[in-house]
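The values are calculated or read from the model by the stated rules, or taken from the named source; none is laboratory data. All of these numbers come straight from a predicted model, not from anything done at the bench. Don't worry about glycine lacking a Cβ; one is built from the backbone with ideal geometry, like all the others, and counts go over all protein chains shown. Ligands, DNA and RNA are excluded from the accessible area calculation, which covers all protein heavy atoms including side chains. Shrake-Rupley method; radii C 1.70, N 1.55, O 1.52, S 1.80 Å.
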Amino acid sequence: MMNRLAVVLAADSATTVTGWNGTAREERYFKGANKIFQLHDMEPVGLMIFDSADLLRVPWELTIKTFRKQLGRKTFNTVEEYAKEFLEYLNDNVTLFPKEVQDETVVSSAQATAVMWVTTAIEDIDQANHQDAVTRFVTERRIDLDDAEYSECLGEEAALKVIADLTEQVISEVKAWLDVFEIAHPDDLQWIAETAIIQVMKRPEANLGTTGLVFAGFGDHQIFPEMLEYLSCGIVGGRHIYYRKRAERIDHQTPTSIAAFAQTSMIDTFTLGLSEDAYASMMLAVDEQLGAFLDEVVAASGGDAARIGDRNSLVQASAKKISKTVLEKARNEHSLPLRRVIGFLPVDEMAELAETLITLQSLKERVTKPSETVGGPVDVAVITKHEGLVWIKRKLFFDSELNSRYKLRQAAQLA
């Protein structure tokens with residue numbers, strides 16, 4: 001949440017740890033994670049994370065604080081430059097991310113993918129036709145992948161090297177798992193293994209752990225705040241794979257911004273008057289009911305339905321008009337008034353609002369979901385141009401009053 005005075009970052013304490021258990025991807029949820037960090041010891045720039053708590057088994061908290069220490073007194077003109085510096089810091093960083101760990105992550109994901117392809121292809125197929133079924137199944141995947149590009153962060157040259165380096169490891173792992181299931185090894189196992197590695201590299205967001213990174217604050221040359229969101233998809237071949245998702249900047253024409261990440265239904269409801277899932281369900285029902293109503297009208301009038309022409313186009317055109325009307329009403333009666341108010345909110349009230357929205361989302365998750373992906377204490381930080389990042393609410397795993405040496409170390413670090 002931003003206006004011309006400040007950025008407010010608010011986050012719960014639930015986070016995800018992702019790993020592979022054989023052929024299955026496992027996700028576990030924990031509470032107590034720190035998600036908001038000061039990116040620079042002296043400058044008004046922060047970084048908030050969501051989704052996965054680690055990158056290649058290294059906690060993001062450790063990675064961010066190590067970067068902050070290395071950054072020292074170096075500053076940048078914009079928040080985007082801080083973001084690029086951090087994202088590049090993760091490249092070829094074998095101290096934090098050893099090559100063997102990078103390789104193991106790709107191999108585990110590719111092996112799981114290949115085994116899944118083989119077992120899916122031969123399901124309910126006579127054993128004599130297993131080879132043909134696997135070949136057809138993987139060929140379809142390969143054709144789809146040929147139309148996709150490698151991430152610009154990785155590039156084709158680096159990707160080809162990863163394939164050359166890791167194919168034999170993937171083949172070995174796949175053979176071991178097929179033996180467990182007592183499945184004969186396909187003749188074209190090398191080709192299958194290569195395709196699985198390509199799948200991991202061209203679809204990293206679906207095959208590797210992902211983390212949302214939100215950079216926010218003020219650069220040296222920025223009067224008003226800026227926010228940028230990236231999706232981090234792991235490290236392959238020494239290259240950090242990430243995608244820029246969105247950027248919002250406050251200026252003289254744009255006084256405020258509200259952005260929600262990960263679980264957003266309650267925040268959407270508050271800002272728009274309806275959540276995305278409720279809107280989607282409503283429009284699905286509208287589409288179905290319009291078609292049924294059209295058929296009823298034709299039948300009641302004794303008309304010929306065939307003379308209507310393209311029935312589906314008529315239904316879709318009406319549904320689009322309804323959708324436009326609903327969204328315009330939500331925008332005019334909920335979103336715009338709220339944004340106007342936030343543009344002039346004092347910093348303390350803006351922080352209270354951000355905390356309340358996170359608390360509402362946490363409450364909804366607790367009473368409606370078997371696994372709480374939002375929960376735990378809420379941290380709130382405010383970033384202003386001249387005060388920097390200050391904490392409104394912050395959980396600590398220790399009592400700062402009992403740790404005077406901690407305070408002295410912090411003071412010495414900033415001296």
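Counting Lys and Arg as +1 and Asp and Glu as -1, each charge on the Cβ, what is the dipole of region 271-359 about the Cα centre in debye, to the nearest 20?
Numbers: 9 positive and 14 negative charges, 99 e Å.
Charge dipole of region 271-359: 480 debye, to the nearest 20.
Determine, from the Cβ-Cβ distance of residue 336 and residue 367 and an R0 of 35 Å, the FRET efficiency 1/(1 + (r/R0)^6), rounded to the nearest 0.05. Write out the running numbers ahead of the final one.
On the way: r = 31 Å, r/R0 = 0.87.
With R0 = 35 Å, the Cβ-Cβ based efficiency is 0.70.
Efficiency by 1/(1 + (r/R0)^6): what FRET value for residue 394 and residue 168, r their Cβ-Cβ distance, R0 = 41 Å, to the nearest 0.05?
On the way: r = 49 Å, r/R0 = 1.18.
With a Förster radius of 41 Å, E is 0.25.
Taking a spot 7 Å from the Cα of residue 147 along the direction of its beta carbon, which residues of region 179-209 have an amide N less than 20 Å from it?
It comes to 195-207, nothing else.
Each label point is 7 Å from the Cα along the Cα-to-Cβ direction; what then is the distance between the points at residue 161 and residue 296, in nm?
6.6
Once each part is reduced to its C-alpha centroid, what is the distance from region 63-140 to region 327-363 in angstrom?
37
Please calculate how many Å² of accessible area the chain carries per residue, with a 1.4 Å probe and no DNA, RNA or ligand atoms counted.
The answer is 53 Å² per residue.
Can you tell me the mean projection area, over all orientations, of the convex hull of the chain's alpha carbons? Units nm², please.
Over every viewing direction, the Cα hull of the chain projects on average to 27.6 nm².
Using heavy-atom solvent-accessible surface (probe 1.4 Å) with all chains present, what is the largest-first order of 277, 103?
277, 103
Using Cα pairs under 8 angstrom and six or more residues apart, how large is the relative contact order of the chain, in percent? All intermediate terms of the calculation are to be shown ahead of the outcome.
Details: 628 pairs, mean separation 108.9, N = 415.
Rounded, it is 26 percent for the chain.
Counting Lys and Arg as +1 and Asp and Glu as -1, each charge on the Cβ, what is the dipole of region 180-333 about the Cα centre in debye, to the nearest 20?
Result for region 180-333 is approximately 480 debye, rounded to the nearest 20.
In the chain, what percent of the accessible surface is made up of carbon and sulfur (1.4 Å probe, ligands and nucleic acids excluded)?
Reported share for carbon and sulfur atoms: 52 percent.
So what's the back-of-envelope 222 nm ellipticity for the chain, counting only DSSP H runs of four-plus at -39500 (n - 2.57) apiece and dividing by all residues, rounded to 500?
-16000 deg cm²/dmol
Give me a comma-separated list of calculated 3J(HN,Hα) values for region 235-245, in order, Karplus coefficients 6.51, -1.76, 1.60 applied at θ = phi - 60°, integers in Hz, x for any Gly or Pro.
10, 10, x, x, 10, 6, 9, 8, 9, 7, 9
Which FRET efficiency value, to the nearest 0.05, do you get for residue 289 and residue 328 by plugging their Cβ-Cβ distance into 1/(1 + (r/R0)^6) with R0 = 25 Å?
In this case the efficiency is close to 0.75.
How big is the charge dipole of the chain about its Cα centre, in debye rounded to the nearest 20, if each Lys and Arg gets +1 on its Cβ and each Asp and Glu gets -1 on its Cβ?
I would put it at about 1920 debye.
How much length, in nm to one decimal, is gained on full extension between residue 320 and residue 61, taken as 0.36 nm per residue of separation minus their Cα-Cα distance?
Value of the extension gain: 88.7 nm.
Using Cα centres only, tell me the gap between region 144-160 and region 190-233 in whole Å.
Centre-to-centre distance over Cα atoms comes out at 15 Å.
I'd like to verify something in the chain: which complete DSSP H helices, judged by Cα projection on the helix axis, reach 20 Å or more and average at least -0.5 on the Kyte-Doolittle scale? Please report the intermediate quantities before stating the final value.
On the way: long enough: 99-121 (33 Å, 0.15); 130-146 (24 Å, -0.84); 156-180 (35 Å, 0.39); 276-300 (35 Å, 0.58); 311-330 (29 Å, -0.39); 347-368 (32 Å, 0.06).
Membrane-span-like by this rule: 99-121, 156-180, 276-300, 311-330, 347-368.
Could you please put 358, 322, 64 in sequence from largest to smallest accessible area, using a 1.4 Å probe? Could the numbers behind the result be given before it?
Values: 358 30, 322 60, 64 0 Å².
The ranking, largest first, comes out as 322, 358, 64.
Would you mind checking 84/175; 202/324; 245/324; 202/393; 35/69 for any pair whose Cα atoms are more than 29 angstrom apart?
Values: 84/175 41 Å; 202/324 35 Å; 245/324 25 Å; 202/393 40 Å; 35/69 18 Å.
The pairs that break the limit, which is 29 Å between Cα atoms, are 84/175; 202/324; 202/393.
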